[in-house]
1. Which loop-located trypsin sites (Lys or Arg not before Pro) does the range 27-62 contain, where loop means any DSSP state but H, G, I, E or B and the Cβ has at most 13 other Cβ atoms within 10 Å?
2. Sort Ser27, Ser114 by accessible area with a 1.4 Å probe, largest first.
3. Ignoring any ligand, DNA or RNA, what whole percent of the accessible area of the range 318-450 comes from carbon and sulfur when the probe is 1.4 angstrom?
4. Quick one: ranking Ser705, Ser139, Ser787 by accessible area, 1.4 Å probe, largest first, what do you get?
5. Sort 214-227, 180-193 by packing, meaning the average of other beta carbons within 10 Å per residue, with the highest value first.
6. Under a 1.4 Å probe, what is the accessible area of the range 712-800 per residue, stated in Å²?
7. Using a 10 Å cut-off on Cβ atoms, rank the peptides 162-173, 715-726 from the highest mean neighbour count down.
8. With a 10 Å radius around each residue's Cβ, average the other Cβ atoms per peptide and rank 90-96, 689-695, highest first.
Amino acid sequence: MRKLFLYVLLICSPFLLQAQNKKKLDSLLRLNNVYLKKDTVKIKLLLDIHNSYVSFDSKTGLKYADEALELAQSIHHPFFTATAQLQKGQSLQDNGKPEEALQLYALSKQYFESDNKKHVNLGSIYVSMGSVYAIQQKSTLALQYLQKGLDFFLEQKQKRGAANAYLALSTSYQQINDWAKAEEALKQSEALYRELKDNLGIALVLIKRGRPQFDTGNYQRALDLFLKALQLLDESIYSSRLYEIYSLLGDIFNRIGDSDKALIYKQKAATVAESLGREPLIAESYLNVGVAYFVLNNFDKSLSYYLKALSVAKKIDDKPKLFIIYSKLGPAYLKQKDFEKSWMYLQEAHKLSRELQNSRYMATSLHDIGNYYYTVPDSVLLKRSIAPSQRYQKSLEYNLQSLQLYEKAGDRRNISARWASLSILYRDMGDFKQAYNAYRKFITIKDSILNENIKNEVIRKEAQYDFDKKEAQLKYEQQLTAQELEKEKLLTTQQQQTLQIKTQSLILSEKDRDLQRLAYLQEKAKKQEREQELKLIQQDKRLQASQLLSLTKEKALQLQTLAKKNALIGFLIASLLGLVLAVFSFYLWQRQKRLNQEKENSMNFTKQLLQNTEEERQRIASDLHDSISHELLTLKNILQGDIATVSGKIDTIINDVRSISRNLHPVLFDQIGLVLNIKTLVERFENQNDFMVMTDIDYQGTLTSSDELQLYRIIQEALSNVIKYANAHAAKITLQATEKQVLLEIRDNGQGFDVEKTLNSGKAFGLHNIIERARVVGGTTQLQSTSKGTVISIVIPQKS
């Protein structure tokens, strides 16, 4: 029994909900909380709750449709699964997700088309799919499915479904500018809604009629229709339709210049959006309120609402909406003279337009950046590394780029607006010819748009008139005489003519203003051209006089330059000769100095050689006197004595003689060769001086005996110097012979000395002796000395 009661209640609920009775909705919600059984009754209850929410809170309705779909799928009920798919698709469509909705419609259609009972849902599916295709601008598919839905409802005698289908068809016909069929569809839809006493449906028809009036600039007619639609709605019950009407009324009052009323209706729309909780509508309504405040020059309030809209748009990641908000924030902060924030938001808008790859968005952002350069003070331009003199050129660049993108997109309204902006910019740059040409293009495009709007309006009004005439004939055919009917027609014709006269008057007024401005710019352009011609003539005369003066000066300058060149050449030649003489004199001085030094060294060497020769003779005489003479006297005295003592003395004399002889010349040098003599010499030096000498000899007698003797004397002299002056502990003799040369090197670990200073001191007989002996055998000597020791290197080329 309880189940039967629930069914009766659910069957009645749609009629109650059509009157938007929120009390009944509350009852359904309470019933849903109580009824926990998961069956078809629960599904029907969830779907009816969804339907009750659709008109004013589709987001909440979507939640219940989703829950109904999950339940239907869980109990494997194909009918309710398909029904829930349809209703969920409708909520998704209302929430701005047409692609997802279309997928669900297709699944639902598959089931209901297979059902021979032709359920009413099939017509709803066709109409819903047609509406999605209309949103996607796929007019052919939209008309196909909408006509299919209409035929289905007419066949099933479903008036409400047919009314909805007619209404949707009117939108598609408007999209393809078939105004006659659009008006016919609206008439049929309105008649069915009036028959059903459906105020919401009638309001929708009025809104559909008002939109083309608004688009073609017939704001008063559009305002009348929107206000009539508003009267049919209960303003205490917020719905998406109420939001739509408030927004449209705000747009109309904004267009007719009543900014205060525009703000009131935009704020009402925002209140409805907040109540519905639909974030896309909330973001859009905040943005619209911000625009209304911007028009009223209340920039603080405008920025406040723009920032609120930005917060919501970021939350739902609505990038197209974010672009629009950024493009509004930039100019708003520019009005507030907050140039840094203005630039930041303009750049954000430009970046997002590129990311979305939307040419219209990019065109808008480029225009706004161009306006920024046009507006900001010089100090801001300098911060951006732009010279103030480049202000207009920079603005012109961005406006031309914007124009190109609008032309590519075929957006004639914005193309016209950009030419108007360029006309002003060229005027400020002082280029009146370009300003005139730009304004002509602006007028041409604007007239083209206006003529097209008038043509569409005439077609629409003719269709309206035909339907009004038919309706009047049907209504008054039996009541009015032929004369009265003719009067009615005449009155209608007069009204149309009055409207056309007003429209033409407005057009002519605008045309007159445009022509006046065009004439002004043309006159300025001609005047500027004449001024430029005069300037060119004067400049030409000045240029000729200047050229004559320049030629005279040039000749004088050439003569002066030639004299300077000749003087410079003479100076350079004298300088070069002086430099050559100075270099040659320096060379001769250096050469003479070197020769003098060599001569002095040679004299010193000769003097030292003679002195050493005398000293050697003195030493030999002393040795003979002190040793051999003494020993011989001693031998004479003891000759009478012991024979053994005599023999010892004789041996001593022999050894002394041998020592003296060895010092004078190595014994058997030619017989035993250089290598053994060197080793004997080294051994004697080590024994006599407690000094270590190492040898590294690789020599096979490639030199002559006389050359080898010179090498021996060099080694002997070098070791003597090491013992006397180096204060060294050890020395090393290296003698190596190769195919090309013989290398002799004497190295010690002594205290070292200043080679150049010592050689030039006149006291370095030993070093000069080494150098001269090496020169005698055709060798070269290299002396290196540091605090760590001395190295004497002699290189003797091998004789071929």
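1. Numbers: sites: Arg30, Lys37, Lys38, Lys42, Lys44, Lys59; in loops: Lys37, Lys38.
Here the trypsin sites (Lys or Arg not before Pro) that fit, given the DSSP loop and packing criteria, are Lys37, Lys38.
2. Ranked list, largest accessible area first: Ser114, Ser27.
3. Taking all protein chains in place, the range 318-450 shows 47 percent carbon and sulfur surface.
4. Ser787, Ser705, Ser139
5. With the highest mean Cβ count within 10 Å placed first, the list reads 180-193, 214-227.
6. 54 Å²
7. 162-173, 715-726
8. Order by mean packing, descending: 90-96, 689-695.
The values are calculated or read from the model by the stated rules, or taken from the named source; none is laboratory data. All figures in this text were calculated on a predicted structure; none of them were measured in a lab. Virtual Cβ from ideal backbone geometry, glycine too; neighbours counted across all protein chains shown. Side chains are part of the model used for accessible areas, which takes the heavy atoms of the whole protein and leaves out ligands, DNA and RNA. Shrake-Rupley method; radii C 1.70, N 1.55, O 1.52, S 1.80 Å.
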